[in-house]
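Worksheet for the structure shown next.
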Amino acid sequence: MTSRKNVKFKFDKLKSETAEIDGLEVSIGKLIREKWDEPYGPTPSPSLATLREWDLKLLKRYKPFYLPYCDVCCLCTMGKCDLTAGKRGACGLDICAQQSRIVLIACCMGAATHIGHARHLVEHLIEKYGRDSPIDVGRSVGVDIEAPVTRLVYGEKPETLGDLEEVLDYVEKQVTQLLASTHTGQEGDNLDFESKVFHAGMIDQVGMEIADLAQISVYGFPKADPEAPLVELGIGVIDTTKPTILVIGHNVPPSVEIINYMEESGLSDSIEVAGICCTSIDATRYNPKAKIVGPISWQLRFIRSGMADVIVVDEQCIRTDVAIEAQKTMTPVIATAEKNCLGLPNRTNDPVDEIVKDLVEGKAHGALIFDPDKVGEVAVRTATLLAPKRKKFKVIPEISEILEGASKCAQCRFAPCMRACPNNLPIREAMEQAAKGDLEGLSNLYEVCIGCVRCESACTNDLPIHNYIVGASIKKMMEEKYKIRSGRGPIQDVEIRKVGGPIVLGEIPGVIALVGCANYPKGGNEVAEIAEEFAKRRFIVTTSGCSAMSIGMYRDEDGRNLYEVYPGEFDAGGIVNVGSCVANPHIAGAAIKIASIFARRKLRGNYEEIADYIHNRVGAVGIAWGAITQKAASIASGFWRLGIPVIVGPHGSKYRRMLLGRKDRKEDWYVYDARTGEKVFVGPCPEHLFYTAETKEEAMVMAAKLCMRPNDTARGRMIKLAHYIDLHKRFYKVMPDDIHLFVRTETDLPITMKEEIKKILAEKGWKENIIPDPTLLPRMVHTKEEKSDE
């Protein structure tokens, strides 16, 4: 579509058979020029309850299993209300509805954050480049379906930046309605809350897609490029002899303008621009010379190192005490977003010279500047002038200081530092070891510490424990020199045509999406090890954001970087980094495009049919190994509504509920055979929709199992079973006890294990079954008339 608002026509003279009018002026609120001839499906621009029946189908199979974090409700002043043992609160809610309500609030926060980011970004780009600036995310390489999520949900094909505004109008309205349903005296049923959670996730996917479409198109990021450049990653890649600007957050325009100002001033090779979190990935998509320090959990160690001469923050995933921490190293902070002002004075309208002078002379420790162009100039000039003056400021201690500090550790009986640590790291033992002159214990914590500094808050002697960990690991930190493939953006249509068949038939055993934030139970290596395992097994591995960084910070047993070993193509054995957080919809979009391109299913406003197709045919699984934010919750819920399972790490139980299938309930695992209309048992495929794994080994076994789909051909199921059994026997040392549930015919059996499995099948009383054309939707059953037409 191409739309224009407030279109006006003026006629000096209009004459017809019935009338003659002088000076006629016609004003039209919105004019849409339609170029997409596909007819609308049944659910364009769905409201809160439009897809409720589909959600309830999923929730009937994958029932919520609640894990209350707290069994009282204190969201209004009628409470606190005790919800234990079947009690209801003053408003009538029980504990199940309350848990789902909290999940919905979290997902609304996550969706609103992405959508708010998209609005901020699109408005800025329209102001700078115009409403008619075209959307192009890879037309030259054959990306014809360039906004699959938006087309599926909203039912329109955006062609310009101006078109994106209207899509944002829709998703903002949905977030408002969803939040309204969480108010006291509104929704009261836990499953209806869950349906709304799915809705929040779906519109979140739209909001993220809008943001990435806009920035790819305007800034010229890699466009569906499997060979997007390898860029530098790690603290050790920062050239500390140069002035250094650290950017943190997710909204890239300030970083872009910093880079632009450097280029215009001939300073590109004189200043380092390094970033943390998704802004850094997007900065490298704009200019591969930018560098990535690391994921969100690297913030404090880098700030306290004093390497940054100026810190520029935009929005999301920024430590809220960044201004306080920066003052310890005399590093000025520039905040750039209305959502994150940090208590700084608004200097947007002040002359650049005055702002720079105040920051350099220490008269101000920071500034709030909403104009990205001005941010670029202020940051570069300040860093250039300030760098020579402040190199001595850092708070990372020398070895002698660590030893002296460790000697003051009280060795508290109940180790409050350890209890405060989200990963229960052995801090007390490391401090005891350090007090004796051995820093190995502290150094060993470096790679698994997530930098939350809750240990410091809990310390009874106010010791800077995180600083000691970093100080004991300076050599290790400065040797962090890695590479990551810059985000490639969407998947090409030609790639989908190549792999669509093998994925749907099961011959490519699955698509594993590693997404989410840091805070991994045993460090980022586990994410990389999962990626390597599945890439070796010829799955398609996709990733984004902090997970993509963790994969880049790992070397295989031969010392090689995984992005250099495995190709960036969306194909078997590829490791595909799509980009920052807002690039996640390219992963969901690939599944949608398989249904659209390979199976020729209608896309426009046809959500239920496409989700049914994906759920029954596309063996995709998401893994959010260290998810900690509300955004991660909403991203996961967007996958659930498409019927794609998500596995989370040990911290995932804090989401308050799982969506678990019951493989012992045979009645839950029937589908319609679209060829006959008969109901057919297909086994627990996939068994769960939302699952917590305690170890990476458990996650890998479960991921292989969750890739099985009812539509798998015998050859495809044979391949998937072989991976599931092999991983299960490798990590658990025994054959899975549920293998009989996944075998339809003897042709499903992996050849090398055939006799062993046949014995198990005989013991279980297994009977052969047919392989259906599976669907959960009765309306997808072919009618006799359709068959005769065929």
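The values are calculated or read from the model by the stated rules, or taken from the named source; none is laboratory data. Note that this is a predicted model, so its numbers are computed, not measured. Here Cβ is always computed from backbone atoms with ideal geometry, including for glycine, and neighbour counts include all displayed protein chains. Accessible surface areas use protein heavy atoms only, side chains included; no ligands, DNA or RNA. Shrake-Rupley method; radii C 1.70, N 1.55, O 1.52, S 1.80 Å.
One table, with the values for the structure above:
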{"item": "Identity of the residue in region 213-230, within 18 Å of ASN260 (Cβ to Cβ) and either of a type in the set (Val, Ile, Thr) or in a loop (DSSP other than H, G, I, E, B) (or both), that ends up most open to solvent (accessible area, probe 1.4 Å)", "result": "GLY220"}
{"item": "From TYR724, TYR732, residue being aromatic (Phe, Trp, Tyr) and either within 26 Å of ALA595 (Cα to Cα) or surrounded by 21 or more Cβ atoms within 10 Å (Cβ to Cβ) (or both)", "result": "TYR724"}
{"item": "LYS522 vs. criteria open to solvent by 20 Å² or more (accessible area, probe 1.4 Å), closer than 30 Å to GLU429 by Cβ and in contact with a Lys or Arg (Cβ under 9 Å, 6 or more places away or on another chain)", "result": "yes"}
{"item": "Every residue from region 270-285 that is in contact (Cβ under 8 Å) with a residue 60 or more places away in the chain and crowded, with 24+ Cβ neighbours inside 10 Å", "result": "CYS277, CYS278, THR279, ILE281, ASP282, THR284, ARG285"}
{"item": "Residue in region 456-463 that is open to solvent by less than 20 Å² (accessible area, probe 1.4 Å), without any contact (Cβ under 8 Å) to a residue 60 or more places away in the chain and of a type in the set (A, V, I, L, M) present", "result": "yes"}
{"item": "Unique match (being free of Cβ contacts under 8 Å to residues at least 40 places away in the same chain, open to solvent by 60 Å² or more (accessible area, probe 1.4 Å) and more than 14 Å from ALA308 (Cα to Cα)) among LYS339, LYS357", "result": "LYS357"}
{"item": "Residue match in region 95-108 (condition: of a type outside the set (Asp, Glu), free of Cβ contacts under 8 Å to residues at least 40 places away in the same chain, part of a helix (DSSP H, G or I) and in contact with a strand residue (DSSP E or B) (Cβ under 6 Å, 6 or more places away or on another chain))", "result": "yes"}
{"item": "For ARG779: the one exception among (1) at pLDDT below 95; (2) out of contact with any helix residue (DSSP H, G or I) (no Cβ under 8 Å at 6 or more places or on another chain); (3) surrounded by 15 or more Cβ atoms within 10 Å (Cβ to Cβ)", "result": "(3)"}
{"item": "Options PRO288, PRO253; residue that is in contact (Cβ under 8 Å) with a residue 12 or more places away in the chain, at negative phi and surrounded by fewer than 23 Cβ atoms within 10 Å (Cβ to Cβ)", "result": "PRO288"}
{"item": "Count of region 144-163 residues which are within 20 Å of PRO222 (Cα to Cα) and either surrounded by 24 or more Cβ atoms within 10 Å (Cβ to Cβ) or in contact with a helix residue (DSSP H, G or I) (Cβ under 6 Å, 6 or more places away or on another chain) (or both)", "result": "8"}
{"item": "Hits in region 620-670 (condition: hydroxyl-bearing (Ser, Thr, Tyr) and open to solvent by 10 Å² or more (accessible area, probe 1.4 Å))", "result": "THR629, SER653, TYR655, TYR670"}
{"item": "Test: ILE508 is farther than 30 Å from ASP712 by Cβ, assigned to a loop (DSSP other than H, G, I, E, B) and either in contact with an Asp or Glu (Cβ under 8 Å, 6 or more places away or on another chain) or open to solvent by 10 Å² or more (accessible area, probe 1.4 Å) (or both)", "result": "no"}
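Yes or no, residue by residue, for (1) under 30 Å from CYS452 (Cα atoms); (2) touching a helix residue (DSSP H, G or I) at 6+ places or on another chain (Cβ under 6 Å); (3) among the polar types (S, T, N, Q):
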residue: GLU479; (1), (2), (3): yes, yes, no
residue: ILE508; (1), (2), (3): no, yes, no
residue: VAL515; (1), (2), (3): yes, yes, no
residue: ALA531; (1), (2), (3): yes, yes, no
residue: ASP556; (1), (2), (3): yes, no, no
residue: GLY568; (1), (2), (3): no, no, no
residue: PRO585; (1), (2), (3): yes, yes, no
